[in-house]
Structure formats: structure tokens, C-alpha cells
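Written out below as C-alpha cells is the structure these notes cover.
The values are calculated or read from the model by the stated rules, or taken from the named source; none is laboratory data. Because the structure is predicted, anything quoted here is derived from the model rather than measured. Neighbour counts are summed over all protein chains in view; Cβ atoms, including those assigned to glycine, are modelled from backbone coordinates with ideal geometry. The accessibility values were calculated without ligands, DNA or RNA, using every heavy atom of the protein model including side chains. Shrake-Rupley method; radii C 1.70, N 1.55, O 1.52, S 1.80 Å.
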Amino acid sequence: MWWLRRRLRGAGTVVLVVFGLPALLGVTTPLQDSAQPGTEPTSGPPSTLDTVEAGDGIANQMRLVIDRDGVLRVTERISFAGEVPEEFTRTFLVREPYDSELDQLYPIDGVRAEDHAGSRVDVQTDAGREVTRLVMDTSQVSSPTPGAVPTLVLRYEVRGATVHLGDRVELDWLAVGGYSRPVAETQIEVDAPLPPSALSCAAGDPRSTIYCTSSGMGGHEALIAQFTQAELAPGEILRINVNYPGESPAYGPITDRPFSLTSAFRITPLTGGVFAAILLVLVGGLVLLIRARGREERIQRAEMAAGDHAPVVCESSGMRFEPPDGVHPGQIGTLVDEQADVVDITATVVDLAVRGYMEIEELPASGRAGVERLAAVDWRLFRSATPPANDRLLPYEQLVLDALFQDGDTIRVSDLGEGFADRLAEARDELYRDMVHLGWFARRPNKVRNRWTTRGMVLTAAGMVLTVVLAIQTTLAFIGLAVIIAGAAVTVGANYMPAKTARGSTVLAHTLGFRRYLQRARASDIPEEERLSVFSHYLPYAIIFDNVNVWVRILATELRNEDLPWFHGPDTWHRDDVARSISTFVVTLSGVISSTRPFRTFI
């Protein structure tokens, strides 16, 4: 209704000219003169309120007194035509738009009702968000004398209807409406400490700007604003607007900011500035991250060629495999993707077998005769009694080996259980420590990643809470949205936060050069008598580089019999089964490791 209030305010001056002049000349309307503010209305000559014709309507005489605190004290004398209903309802609009952002509130307090004799009438108050509904038990309301009209007296107080507006005080209130019966006639008097300077009114449909039946100023020294309206149908209202001098008391406005997505996420200089600042911080962080990653890429381009060759050393006894920078398969896997995961452990197990610390045997498949080679159901691992000479296990490799054979020197892959999983967790931690010990990372990459992931998730959650709070209480929710975006960006960017040192980047470059060599290497690069040994050492690295199927086939073609020194098959096994068996073993072992608790998520 704020649009209607603006029209009524604009009409106030005209009303003073049209209706104020008779009052200033001492001419009054048929309404009775009123007492000073805070007094009860005096009895006066009968009006249509006392002689309402038979029917279902009511007639209402209202007296509004503005006290010295700006509170509106209202007395309604409601006369019933015909039979008095069992219940009578009066509904007040207590919330309406004040401007584009705020609602104005009109709290209703001090409600009480009585009949013509002063006997109390029960009132049930139902206070809602937008309306307050009064339900009065009028079953005991009767005529004061035979033939007289039954009357109900309703008293209440309204706060927030008087407002300071510049150099004046304005009373703007929807005075009549929300009755459970049609209103045949309403007469309103508004009394205040100071005389009114202008008044206006609107009646009919809630959006109507049609003027009420009559209005004017009367009483001693024209202190009283008076309004009259006839025939208000259900759903129609009478709104009054009275202006007073600026020194008059005022209580309001009482405002509340209702929730709305449009206003809550409004883009203002403040919200836009904060959003831009957060975006600037994110861009700055991205620039630093790109610079760090760019350094790694520059080192890789400069150093990759140094690893792009067959990693073998010629000695008097033959060729010896020597990986770039002496890096073992598990270390390479952790260095490449900054995670100690399933593939790194699988490649380490195969590497331990190739180097002579254990042997792998495929067990015969149970089934019908002649179909044993269709699938391998299990493998048995044997720990070597004598460790190979001139070789040394790294701490994480020792943990993997001990995890496999903690219950004896022989174990089936299908029997690896939770004890194996617990020991693998130690091996995985050791791999991360190894990254720092070797100087490839300044800090453990898993801890750096976890730390930034936690920060991002906390920031995102805080942004969500902040957005809800700001949306409910203010129009600054766009700031909370910016915090959510920042938190999400930090969470996603956490995977890129572990930064390699210059040494780590150099080793990675040599490793990637080795990977490029494995992708294009030919069997003829290695003398025939050395191929079986060299290619076996290539295999764990091919697992890391996801090139295992190619190298198991190359390895199988170099077999002179049906066995490898470190991988054996059943009696029915022949050379064509080698590639299939090794590939299946790698896949099966990876599945067993990934099903253990520490490796269900890669961190």
C-alpha cells in the first residue's frame, strides 16, 4: 500500500484547502466535538450509528487519540443491525511495504472488548506475520433497551502509525477494514496534542484512490480530524492520512526488512567491492601457482632429454639397468602425481620380484580338464631366503615386503587381509616422507593438499552460513556468495598446491624422458642376451606409466622357455600365457590393494 500512501501524502495540501477552510471558520461536520487527547468520547446526538436499519451490516464510530508518545489509542463503538452473531471478527493489516526494501509494521496491543454495560467480552487474538485477527465472543452482547441497537466497544493501541517526515508528522493508517460483516457507515475522529495541518483519505478497493464520503477538521480550535464513509462492502477499506506540525509526537516508523532473493543478493558498491577484492586475491593466488608450475615446466623442457634413452650401463659382465637418478618405481609414481596410491604399491611389488626379493607363481585354475588356462584364480608369493647381492631396500620397500610376508615366507594373494592393509599404510607414509627426505618437496605433498582442502571446505561452509545470515538480516548476501566461491576455488586448487623443489622438478623431467623412451623403445635397442633382464626391470616402470600391456608382450617374446626367473606358471603353462598372466596379476593385486582401508581414497 506504499504507493497509496504516497498519493495520499500528495493530496494532503489540497484537502486542507477544500476541507480545512470551513473548519477554520468554525463550521463543523455532524460529528460530535471531541474531548482532549486521552479522554473518552462524550455522548452526542444520535447518528445513523444508533439507527442502523435491519440487516447483516454494522455501523462504526471510531475515536483515535494520539498520545504524547505517538501511540494511537483507538476506541471503536460497533453497532449491529439485526441479530448479533455468535462471533465477530476484526482483522488488522499489521505489515505492508514501506519502500522497495523495508516493510512498515503496525503492532496491535492492549486489546479489550466490552458490551454497552461495560461487561467484558472475550477476545481471542491471532497474530500473524501480515495480519492480526481478533475473534470476539459476541453471543452475550444484547440491546441496552428494547428496540435499541446492540453495541460492542473495542479498544486497542497501535504503534508505528505516526511517523516523522521532514518538517511534519504523519498519521497514515488503514483505519477501517477486515470486519466479518459489511460496514453500513463509519465515522472517525482523530484527536492529537496539536491541530492537523492537512488530511486526506481513500475508500473502496484496497488499491483505490477514490476519496472517502467526507472529511474535515472540527472541535475546539479545529483540533479534530474527522472522516465519514458510507457503504463499505466486505474486502473494502478506509485509509486515513493526517499531517501534523513537526513538533508533534511520533512513534514510528517501525520497519522490518523482509527476506527476498532480489534484495538479499543486491549488488551495491560495498558488495561489488568485496567481491572484487576476493576475486583479486584468488587471481593473485592463481598467478603465484602458475608461476610455480611454470618453473616446473621450464625445468622439464630443459631436462627431459637427459632421461630419454635406454637406462642401462655397460659393464664387463654385461648390461646393468640403472633408472634415471636411481629412482625406484614407487618413488616415481608419487613424484609424478604427488600421491602414494595403488599403482605405486603394485609396481613396487613387481619390482621386488624382478630384483630377486621374492618370486610369483600362478596357481592352476580349478575347473574341467583342458580349460585350466582360461583364467588364473590365484597366485602364490615366495620370499627369497637370501637377499640379492649389491642391492639395498629403501625403507618403504622394506615395509611393503614385510607387509606381504608378515605371517610367513609364503602367502597367497587371496589371503592378504587387514594386517596387510595396516602395514601398507605405514609404507605409504614412508613414501611421503621419502619425498621430503630426497629434497623433491619442501613439505609432504599429502599434508599440503589436506591442509588446503580443509581450509577450502571450512571457508565454503563458513560462506554458506554467512550467506544465509546476511540474506536474512541484510542485503549483503552477495559477500557470502563470494566467500563460497573463494572456498570452492581453494578446495579445487588444493590438488595443485604441493610444489616440487627445483631438484624434484629435475628428477621428474628425467623420469618423463624415460617414459617417452619406453613409449617408443624397440627390442633391438638392447642386445638379445640382455633383453630378458633389462625388459623385466622396465616392467614396474611401465606399470607406473600405464604401458604395462605393451611391455609384457615384448617380454614374452624374449622367453626361451616357459618361465621367467621371477614369475612362474603351472605345468600346463606355456610362453603364450606369460603376457596374459602378468597383466592379470597386476590387475588383481591392484584390486586387492585398493579394497584395503588406507587406499579406498587417494590422499
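A few comments on the model shown:
- Test: residue in the stretch 155-174 that is touching a Phe, Trp or Tyr at 6+ places or on another chain (Cβ under 7 Å), open to solvent by 40 Å² or more (accessible area, probe 1.4 Å), closer than 17 Å to Leu105 by Cβ and without any contact (Cβ under 8 Å) to a residue 60 or more places away in the chain: no
- For Thr467, the requirement of being among the hydroxyl-bearing types (Ser, Thr, Tyr) and crowded, with 18+ Cβ neighbours inside 10 Å is met.
- In the stretch 176-198, of all residues being of a type in the set (A, V, I, L, M) and out of contact with any Phe, Trp or Tyr (no Cβ under 7 Å at 6 or more places or on another chain), the one that is surrounded by the fewest Cβ atoms within 10 Å (Cβ to Cβ) corresponds to Ala184.
Per-residue answers, yes or no, for (1) farther than 30 Å from Pro570 by Cβ; (2) at pLDDT 90 or above:
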| residue | (1), (2) |
| --- | --- |
| Phe382 | no, yes |
| Thr386 | no, no |
| Arg392 | yes, yes |
| Asp409 | no, yes |
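- Within the stretch 70-81, residues that are over 18 Å from Pro193 (Cβ atoms) and in contact (Cβ under 8 Å) with a residue 12 or more places away in the chain reach partners that are among the polar types (S, T, N, Q) and open to solvent by less than 10 Å² (accessible area, probe 1.4 Å) with beta carbons closer than 9 Å, at six or more positions or on different chains, in the pairs Glu76/Asn60; Arg77/Asn60; Ile78/Asn60; Ser79/Asn60; Phe80/Thr138.
- From the list Gly356, Gly330, Gly326, Gly272, the one residue that fits, being modelled with pLDDT under 90 and small (Gly, Ala, Ser), is Gly272.
- Restricted to the stretch 501-580, the set of helices (runs of 4 or more DSSP H) holding at least 3 residues that are in contact with a helix residue (DSSP H, G or I) (Cβ under 6 Å, 6 or more places away or on another chain) and at pLDDT 90 or above comprises 502-520, 528-544.
- Set Leu24, Leu105, Leu64: member being modelled with pLDDT of 95 or more and among the hydrophobic types (A, V, I, L, M, F, W, C): Leu64
- Residues in the stretch 251-268 that are surrounded by 17 or more Cβ atoms within 10 Å (Cβ to Cβ) and assigned to a helix (DSSP H, G or I): Ala264 only.
- Test: residue in the stretch 343-360 that is open to solvent by less than 20 Å² (accessible area, probe 1.4 Å), of a type in the set (Gly, Ala, Ser) and over 15 Å from Gln398 (Cα atoms): no
- Filtered by the rule that a residue be without any contact (Cβ under 8 Å) to a residue 60 or more places away in the chain and either small (Gly, Ala, Ser) or crowded, with 16+ Cβ neighbours inside 10 Å (or both), the stretch 224-239 gives Ala225, Phe227, Gln229, Ala230, Leu232, Ala233, Gly235, Glu236.
- Top-ranked residue in the stretch 421-464 [being farther than 25 Å from Leu393 by Cα and hydrophobic (A, V, I, L, M, F, W, C); ranked as least open to solvent (accessible area, probe 1.4 Å)]: Val448
- Top-ranked residue of the stretch 411-420 - restricted to ones that are open to solvent by less than 80 Å² (accessible area, probe 1.4 Å) and either touching a Gly at 6+ places or on another chain (Cβ under 6 Å) or at pLDDT below 90 (or both), ranked as nearest to His437 (Cα to Cα): Phe420
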